[in-house]
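For reference, the structure discussed in these notes is given below.
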Amino acid sequence: MTEPDADTFRDVQVGSLVPYVLITFGIPWGLLGLYLALPAGATGWLGEISASHPGFILAVWSPAIAAFAIVVRHGGWPALRSFLSRALLWRCPAAWYAYLLVGMPLVFYAGAVIKGASLTEPLAGQNVVSLLSAMAFMLVLGPVEEFGWRGLALPLLQRRLAPLWAALLLGLVWGVWHLPAFLLSGTPQSGWGFMPFLVGSVCLSVIVTPLFNAAGGSILLAVLYHFQANNPLWPDAQPYDTVILVFVAAIVVWLNRRTMLVRGTGATAVVPAGARTR
């Protein structure tokens, strides 16, 4: 692919949401269709689905794959490098770091208390090496999605919508995108209820949006946020963590109402201007 002229290259346009959604849904939902239509054949060819199955990992990474493909298509490799530079943005108000490091674990521990689940179950019988391995795997699994969801989709939506409405819409799409994982045995979600998960996804999307905007469109903090939502150290709080997330989301919207409800206050750049003006 030839690199575009820097004088004529524009940022990724809102219309790119269409191919983004098609690619993001096409990979996991195509995998689901294959396993549902030809269960014996798909299992024989590809093996049983599990969290470490290459097909499952590919499906989980589909939002990032879609984002990378669209950015390269629009601006070539220089644009991709500039896009990835947003994974180096880390500055935001200290209160958000407090929520990431303390608030999110409290959500899951409080949910586990309400549920009556063991608070130490994730640690039972585990040594340091196995715990670190589990955390490393989760860091490179679900959080990679954020290169697509918050890396590309949220900035584009915020060009047309106030951050709250963009967050609600993206959260709904994000939750529905996970549906194949609930329909295939062997996935972490196969034992969960879908509706609490969907509501929780919308709430998580609402909460992360002002964090993302306060950090200038940081992909890094979105990745860390997603990791904390999936951290294997937290106890099983399904579905009560969703109830708590509803209240947290309402508080976050209230505290950030001056920006969440006003169009034009969110981060909207997919590729920072440096790749377009150098």
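Every condition in (1) assigned to a helix (DSSP H, G or I); (2) more than 12 Å from the chain's Cα centre (by Cα) is met by residue 171 except one, and the failing one is (2).
Here 34, 58, 38 are screened, and the one residue that is in contact (Cβ under 8 Å) with a residue 24 or more places away in the chain, surrounded by fewer than 18 Cβ atoms within 10 Å (Cβ to Cβ) and not aromatic (Phe, Trp, Tyr) is 58. Elements of the type helices (runs of 4 or more DSSP H) sitting completely within the stretch 30-131 and holding at least 2 residues that are within 24 Å of the chain's Cα centre (by Cα) and over 30 Å from residue 249 (Cβ atoms): these cover 54-60, 62-84. Summed over the stretch 193-233, residues that are open to solvent by 40 Å² or more (accessible area, probe 1.4 Å) and assigned to a helix (DSSP H, G or I) total 8. The combined condition, being part of a helix (DSSP H, G or I), open to solvent by 20 Å² or more (accessible area, probe 1.4 Å) and polar (S, T, N, Q), is not fulfilled by residue 238.
Take the residues in the stretch 1-20 that are at pLDDT 75 or above and open to solvent by 60 Å² or more (accessible area, probe 1.4 Å), then tell me which one is farthest from residue 178 (Cα to Cα).
Going residue by residue through the stretch 1-20, those that are at pLDDT 75 or above are 10-20.
Narrowing further to those that are open to solvent by 60 Å² or more (accessible area, probe 1.4 Å): 10, 13, 18.
On the way: 10: 32, 13: 25, 18: 18 Å.
Per the stated criteria, the residue is 10.
Would you mind stating whether residue 63 is open to solvent by 20 Å² or more (accessible area, probe 1.4 Å), farther than 17 Å from residue 182 by Cβ and touching a residue at least 24 places away in the same chain (Cβ under 8 Å)? No.
The values are calculated or read from the model by the stated rules, or taken from the named source; none is laboratory data. These figures come from a predicted structure and were not determined experimentally. Here the Cβ is made from the backbone with ideal geometry for all residues, glycine too, and neighbour counts use every protein chain on show. Ligands, DNA and RNA are excluded from the accessible area calculation, which covers all protein heavy atoms including side chains. Shrake-Rupley method; radii C 1.70, N 1.55, O 1.52, S 1.80 Å.
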